[in-house]
Amino acid sequence: GENVEQHPSTLSVQEGDSAVIKCTYSDSASNYFPWYKQELGKGPQLIIDIRSNVGEKKDQRIAVTLNKTAKHFSLHITETQPEDSAVYFCAALLSGGYQKVTFGTGTKLQVIP
Amino acid sequence: NAGVTQTPKFQVLKTGQSMTLQCAQDMNHNSMYWYRQDPGMGLRLIYYSASEGTTDKGEVPNGYNVSRLNKREFSLRLESAAPSQTSVYFCASSEGLLNQPQHFGDGTRLSIL
């Protein structure tokens, strides 16, 4: 089955700096890669996603890159703000009999004012 | 816009007790899911329902049952709770089964003594 590894598990950055979170996946048939942000006491919220026919996608300060050959994808947050502090999860979806979604173990991002 | 609503938000049970976690979505989504979230393990799929009238096992179904009551509602039942089922449970929904972003509720925090 699919296996998703996420690094780092914790990340502290100064306000205004960039943050990068990386994920690798094992199944080359995976073709959809969402990123979720989870604030304390809340459920995960989708912040950006990318499909396998695209190498990069941007939405204001957030970008995701995908390298299908190397089977890794990354989340980039620029000009970080204190409200970016949260736990971020990557996921890989294997298209098949059902939506086989596998989540990474999460990265706790702390933005220091 | 309520999105995905889960009840209750918190629950404490004794070993052997039973209970049902409720989930409802108002986005007219076809697919619904139940996950559990444990520290250091990300989100793991318990059961899912591709469409009204169908349910299937996910990664960790043992000890749980589900019911897709109608298009809006998807419940998770613990027949005989065990301490290993102490976790945060999340319900999610998506438009369709393949390559669609999932929308999550805010979770039910369940403790089993």
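To the nearest 20 debye, what is the magnitude of the charge dipole of region A:37-113 about its Cα centre, counting +1 on the Cβ of each Lys and Arg and -1 on the Cβ of each Asp and Glu?
Dipole about the Cα centre, nearest 20: 340 debye.
Could you work out the relative contact order of region A:8-113, using alpha carbon pairs under 8 angstrom and six or more residues apart, expressed as a whole percent?
With pairs under 8 Å counted, the relative contact order is 37 percent.
In whole Hz, what ³J(HN,Hα) sequence does region B:9-20 give by Karplus (6.51, -1.76, 1.60; θ = phi - 60°), x for Gly and Pro?
Taking θ as phi minus 60°, the curve returns 7, 9, 7, 10, 10, 9, 3, x, 6, 10, 6, 10 Hz for region B:9-20.
Given +1 on the Cβ of Lys and Arg, -1 on the Cβ of Asp and Glu, and no further charges, what dipole in debye does the protein assembly as shown carry about its Cα centre, rounded to the nearest 20?
400
Rounded to whole Å and sorted largest first, what semi-axes of the equivalent ellipsoid does the C-alpha gyration tensor of the protein assembly as shown yield via the square root of 5 times each eigenvalue?
29, 20, 16
Run through region A:34-113 and list the trypsin sites (Lys or Arg not before Pro) located in a DSSP loop whose Cβ has at most 16 other Cβ atoms within 10 Å.
Answer by residue number: A:42, A:61, A:68, A:71.
Using the scaling law 2.2 N^0.38 Å as the reference, what is the normalised Cα Rg of chain A?
My calculation over the Cα atoms of chain A gives 1.03.
Return the loop-located GluC sites (Glu not before Pro) in region A:1-42 (DSSP other than H, G, I, E, B) with at most 13 other Cβ atoms within 10 Å of their own Cβ; answer none if there are none.
Listed in order of number, the matching sites are A:15, A:39.
For peptide B:100-112, compute the average count of partner chain beta-carbon atoms within 10 Å of each residue's beta-carbon.
That average works out to 4.
Every number in this text was worked out from the coordinates using simple rules, so none of it is lab data. As the structure is a computational prediction, the values presented were derived from the model and not from experiment. Methodologically, a virtual Cβ is constructed for each residue, glycine included, from the backbone with ideal geometry; neighbour enumeration extends over all protein chains shown.
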